[in-house]
Amino acid sequence: MWKQVYTVIFFAAILWQNAVSQTIEDILTSPTVPEGNEFIVAWPLNDGSAGASSPDLEVYISTRFPEANVEVIFSGDNSRRRFRVVKNTVTTMSTSKTGSLALSAAYEITHAECELAVPKGLIISSDVPISVYVINSKRVSTDGYMAIPTHVWGTEYRSIAYFDFNDINSRYSWAGGFCVVASEDSTDVTITLAGKGQSLASTVRGRSIGDRFTVQLNRGECYMVMGNGSTRNVFDLTGSHISSSKPIGVLGFHSRTALPNATLLEGRDHLVEMIPPTSAWGTSYTTIELKRQSANGKGRGDYYRILAAEDSTVITGHYLDKETKAKISDLNIDRLDAGEFSDFFGSATTPSELPYGIVQFSGNKPFLVMQYSTSASWDGDTQHDPFMMLVAPTSTFGSSGTIQTPSLDNFNIHYLNIIATTTDSATAEADLQSITLNDEPVWSSDRVVDGGLLNEAGIIPASIHGQDIRFVTLHCRNGESLTIRSNGKVRLGGYLFGFGSFDSYGYPAALALADSSQSDTTRPDISAIVDSTSARFSATKPNMESRRSASLARVRTLPGTTNANVTANAPLLRLLPRTDNVRIVEGVITMEDTLQDCVVILAAQDYAGNVAIDTILIPARPFNQGPDTNTTSLSERGLASSVARIVRVHASDGVELDVTRSGTMELWTLEGSRVFNTDVAPGNTFIRTSTLPSGVYVIRFAGTAWSSTIVVRH
């Protein structure tokens, strides 16, 4: 139970300043999208050889809200930096870029710090949700990742990276591994090493596959484990099991490698990606090949790795030609047990065909898919190089997301692949037209370079997933903040990647980290007891005994709340940590001015994305004693209060009222447009709003001073 009391005061003219221009969908975006109030990021080793350049470490921070107040804590010395981030701009922290916020290159974890607890996590917090992306760049060796906010960190993970790479007579000993980051003090982390090449190599400090050990980390500390780099295409720590007593973050990485590395290719690069907990893995995936500038006709396609979370996992898949939609080949795996992985095609030693076009996988149990870009000489495109990119399950696609392209000079090409799924064929075209990038429609954008949302080129056959799926590839610019949005009825997966000369990066966007073990469609419940000048409320989400149910993610007030002082036993403007399993939030509403109606529009959202919205009304007390009160306004106010009373607001259906006299009830938008009016008679009246777009509306009794605010959300 939360022990601190949180207070938010709302006035009639200024609700929550950052929400003035926000829609309800903006404010109540899925709690599992990669936006949050707190992040802890780290930089595992890039390259590490004697000739490597100094690292260019960068952090890109952006927000969909008008303004975010951000604080950064440097774990090494606990120093702090505060700054503001403005909507549709990218605030950069950098080790080298002039005009950016300063960041020390010493935050990269070194080879000597392997298997030691080091205070090298960068703690980033904000008063409103932000998005964070991270880059580690050295000369022709770069990759980055989408940072996962701490409120959706978990306690059980499997690592994923790539085979160690000992290059040309041990000239370079590059290796893959993982890095654990702690969000709380005294976090016990238990690691069981797994993978391939058990008897052929070890970790840097001599541990072997099969070893099990426990370390304790404090908030902001990192623990990096990697191979010793003595082999090539043999030793791999993918599948290692990582569990903890408190929430942790996990990064999979490779210091530098060719890809595939069974042969010596030109084009070696750093790999890194932040891994979701196993509870957020899915059973169906769709992705698109990475766009090339040129090819030599020898190699083609992208490298894929499949990692199982549970025993007896069976995978079916295929890849299709993007133009003809014809199946090229199957991608099936008969069985994988927990922690086992399989590659397509892991044994390739010369440039050849890897899966390309439209790639789809489906399984009987949760699994993870990683998509890897190949080395430049694999298919002859020098504007290409390896990176690893997490593929999102279609079940966890979101309806919006914010992403940033790097501002480094390394890259001259940036692409954004968008995968869109619709569920209602009757409205599919309108739903697809609702997708925007920085408020401009995607379907008609001049950014489109491949596929399309409304043409045949972008159609993905529904042979595996049974959904209407479309894809489109867009070009983007250096240092650009990109906000993807839809009307909420279409789900999006996004992948941003870019290339320079023998250099590259790639990471996902619009990825939601829902718990795949939950199939919860039950909304939270909101109740209130109102007295003369205050109300006690509670938002609850019971733990269903028959099946797992999602806990509360947030409880907050919405635009339209007026004249209210709200206190609660949980933070009203921040997401609740999923691992806290919060089932009830309670609070008190107090009127600021007893001569005016107190209206509180309260929303409760759980981690399955279910939302309940209710309006709590404390009527004005027009005859409350006070010095020198104007009698005329009191009479008008008293008349208004006696006209009607809101009994209950059903967010998706309508509003129930108790009316004391005949008249006309009107519904208006906040912009001043009347939506409709209806005649009412004394007694209980229900005004249906199910046909209206989601949003905030004003309901008023024509010819009187009575009005109130309601929220419609479908």
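What order, most packed first, do the peptides 357-365, 204-212, 372-380 have when packing is the mean number of other Cβ atoms within 10 Å of each residue? Working shown, then result.
Values: 357-365: 21.7, 204-212: 14.2, 372-380: 24.2.
My ranking of the peptides, most packed first, is 372-380, 357-365, 204-212.
Work out the charge dipole of the stretch 383-481 with +1 on the Cβ of Lys and Arg and -1 on the Cβ of Asp and Glu about the Cα centre, then indicate which of LEU453, ALA392, PRO441 is farthest towards its positive end.
Checking the options against the dipole of the stretch 383-481, the answer is ALA392.
Could you give the accessible area per residue of the chain, probe 1.4 Å, as a whole number in Å²?
The answer is 36 Å² per residue.
How large is the charge dipole for the stretch 224-315, taken about the Cα centre, if only the Cβ atoms of Lys, Arg (+1) and Asp, Glu (-1) carry charge, to the nearest 20 debye?
On the way: 9 positive and 8 negative charges, 67 e Å.
Dipole size: approximately 320 debye.
Take the Cα gyration tensor of the stretch 172-295, multiply each eigenvalue by 5, square-root it, and list the three semi-axes largest first, rounded to whole angstrom.
Each semi-axis is √(5λ); the values are 27, 20, 13 Å.
How large a share of the accessible area of the stretch 172-253, in percent, is made up of carbon and sulfur atoms when the probe is 1.4 Å and the other protein chains stay in place?
Carbon and sulfur together cover 38 percent of it.
Could you run the Debye sum over the Cα atoms of the stretch 271-356, one equal point scatterer each and no solvent, and tell me log10 of I(q)/I(0) at q = 0.15 Å⁻¹, two decimals?
Reported log10 I(q)/I(0), two decimals: -0.69.
May I ask for the angle, rounded to the nearest 10°, between helix 631-643 and the longest principal axis of the chain, with both axes built from Cα atoms and the value confined to 0 to 90°?
70 degrees
Add -39500 (n - 2.57) for each DSSP H run of 4 or more in the chain, then divide by its residues: what number comes out at 222 nm, to the nearest 500 deg cm²/dmol?
It lands at -1000 deg cm²/dmol.
For the chain, with only Lys/Arg (+1) and Asp/Glu (-1) charged at the beta-carbon, what is the dipole magnitude about the Cα centre, in debye rounded to 20?
540 debye
Binning at 5 Å from 0, report for the stretch 317-425 what percent of all alpha-carbon pair distances ends up in each bin.
Calculated over all Cα pairs of the stretch 317-425, the distribution is 2, 7, 15, 20, 21, 17, 12, 5, 1, 0 percent.
So, with a 1.4 angstrom probe, what is the percent of accessible area on the stretch 288-423 that is carbon and sulfur? Before the final figure, lay out each step's value.
Values: 1820 of 4180 Å².
It is 43 percent, rounded to a whole number.
Can you tell me the order of 217-230, 242-255, 468-481, 520-533 when each peptide is scored by its average per-residue count of other Cβ atoms within 10 angstrom, highest first?
Taking the mean over residues of other Cβ atoms within 10 Å, the ranking is 242-255, 217-230, 468-481, 520-533.
For a protection proxy built on the mean count of beta-carbon atoms within 10 angstrom, sort 325-335, 433-443 highest first, please.
Per-residue mean Cβ counts within 10 Å order the peptides as 433-443, 325-335.
Can you give the translational diffusion coefficient of the stretch 23-163 in µm²/s, computed by Stokes-Einstein from the Kirkwood radius over Cα pairs at 10 °C and 1.306 mPa s?
For the chosen part, D equals 98 µm²/s.
The values are calculated or read from the model by the stated rules, or taken from the named source; none is laboratory data. Quick caveat, the model's predicted, so the values are computed rather than measured. Counting neighbours? That spans all protein chains shown, and the Cβs are built from the backbone with ideal geometry, glycine included. Just the protein is used for accessible areas: all its heavy atoms, side chains included, with ligands, DNA and RNA removed. Shrake-Rupley method; radii C 1.70, N 1.55, O 1.52, S 1.80 Å.
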